[in-house]
1. For a quick check of your reading of the model, give me the residue pairs whose first member lies in the range 272-298 and is touching a residue at least 40 places away in the same chain (Cβ under 8 Å), whose second is aromatic (Phe, Trp, Tyr), with beta-carbon atoms closer than 9 Å and at least 6 apart or on different chains.
2. List the residue pairs whose Cβ atoms are under 6 Å apart, where the first residue sits in the range 90-117 and is closer than 27 Å to HIS199 by Cα and away from ligand 2 (no atom under 16 Å from the Cβ), the second is aromatic (Phe, Trp, Tyr) and not in a helix (DSSP H, G or I), and the two are 6 or more positions apart or on different chains.
3. Pairs please, first residue from the range 154-165 and more than 12 Å from TYR114 (Cβ to Cβ), second anywhere and assigned to a loop (DSSP other than H, G, I, E, B) and not acidic (Asp, Glu), Cβ atoms under 8 Å, 6+ apart in sequence or on different chains.
4. Return the pair list, or none, for Cβ contacts closer than 8 Å from residues in the range 224-237 that are more than 16 Å from ligand 2 (Cβ to nearest atom) to residues that are assigned to a helix (DSSP H, G or I), at least 6 apart or on different chains.
5. Which ones in the range 139-175 are closer than 27 Å to ILE285 by Cα, part of a helix (DSSP H, G or I) and in contact with a Ser or Thr (Cβ under 7 Å, 6 or more places away or on another chain)?
6. Restricting to the range 72-116, name every residue that is assigned to a loop (DSSP other than H, G, I, E, B) and either buried (at least 18 other Cβ atoms within 10 Å of the Cβ) or in contact with a Cys (Cβ under 9 Å, 6 or more places away or on another chain) (or both).
7. Name the residue that is farthest from ILE94 (Cα to Cα), counting only residues in the range 161-189 that are away from ligand 1 (no atom under 16 Å from the Cβ) and charged (D, E, K, R).
8. Answer yes if at least one residue in the range 244-253 is crowded, with 16+ Cβ neighbours inside 10 Å, modelled with pLDDT of 95 or more and within 16 Å of ligand 2 (Cβ to nearest atom), and no otherwise.
Amino acid sequence: MFTKDAEIIDEITRLKKQRNAVILVHNYQRPEVQDIADFTGDSLELSQQAAKTDADVIVFCGVHFMAETAYIINPKRTVLLPDKESGCPMANMITAEALIAAKKDLPGATVVCYVNSSAAVKAESDICCTSGNAVKVVQSLGEGEITFVPDQYLGQWVAEKTGRHMHLWPGYCPTHMKILPEDILRLKKKHPGTLALVHPECRPDAKAVADEVLSTGGMMRFVRESPAEGFIIGTETGIMYRLKKENPAKYFIPVNDKAVCPNMKRITLEKVLWSLQDMNYKIIIPEDIRIRALSSVERMLAIT
Ligand code: 13P
Ligand code: SF4
């Protein structure tokens, strides 16, 4: 660690105490940001942490929709996103206006919305899900049509697992598109005995050749409990740091070391410090939208 980093961390620690702040960090964040976390996890675990924190300030090191979800659940807290440009291209593949128009074409269909979406889209949906609970969420629904937005690949996988036909929005994650089946097969051949774990956002052909399809939190738990020693990891490479740190006796091979989410990497130690110094960037959602989005998120949390 450079002296400069040590000084920044000291200052973050001091300000965190002064402001009664908690630092929530997604599994894809930079290693040095993961190291200053009060809690590191997947989107479901982070929203559960946001729901129960009694800190005055939540510094959310992730992307915009994750910080928005924290605010939707816990509006009494100040939620800060250290880089306001840290968005999610998949979440931007649907707007509330486009969803309203689609609902007119399929009246009566239940809208299940992946948490990777704006608060306005959540407000137009019936229930939310994350990659960690999507199957459970869809299984909880009664008969009838389902519209799943915005990730077509998570939707395809959930439809397969639940046997439910769903109308899929054509969104996708550009980072997970880089996880290719030929790379998984090549690595499995080169490293016999390893298990390939991929994220549900991956393409169907990549998921078809993997051993397990798991959220990032699911991958952490699976590796901890598995007797296997080696794992081929098909998701954003930021998770490699936590996997290695928590499982030093095991080894991990990324399917593609170019599977990097540039938005997740926008957050740096300096930006976390500036965020606590200047109380930027505050997440604010109009109350009417927040209330309607909350009902989708609460319905999800109730069955998880
Ligand atoms: P997880 O909920 O599995 O952490 O995934 C979030 C995400 O954005 C994946 O790209
Ligand atoms: Fe969005 Fe993909 Fe980045 Fe996750 S990895 S935040 S889905 S762009």
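1. SER275/TYR281; ASN280/TRP274; LYS282/TYR71; ILE283/PHE60; ILE283/TYR71; ILE284/TYR71; ILE285/TYR71; ARG290/TYR71
2. VAL112/PHE148
3. ALA159/HIS165; ALA159/MET166; ARG164/LEU141
4. ARG224/GLU246; PHE231/VAL223; PHE231/LEU243; ILE232/ILE184; ILE232/LEU187; ILE232/LYS188
5. LEU154
6. Step one: list which residues in the range 72-116 are assigned to a loop (DSSP other than H, G, I, E, B), which gives 74-77, 81-90, 94-95, 106-109, 115-116.
Within the range 72-116, ASN74, ARG77, LEU81, PRO82, ASP83, SER86, CYS88, PRO89, MET90, ILE94, VAL115, ASN116 meet the criteria.
7. LYS189
8. No: zero hits.
The values are calculated or read from the model by the stated rules, or taken from the named source; none is laboratory data. Here the structure is a predicted model, which is why all the values come from computation and not from measurement. So basically every Cβ, Gly included, is an ideal-geometry build from the backbone, and we count neighbours across all protein chains shown.
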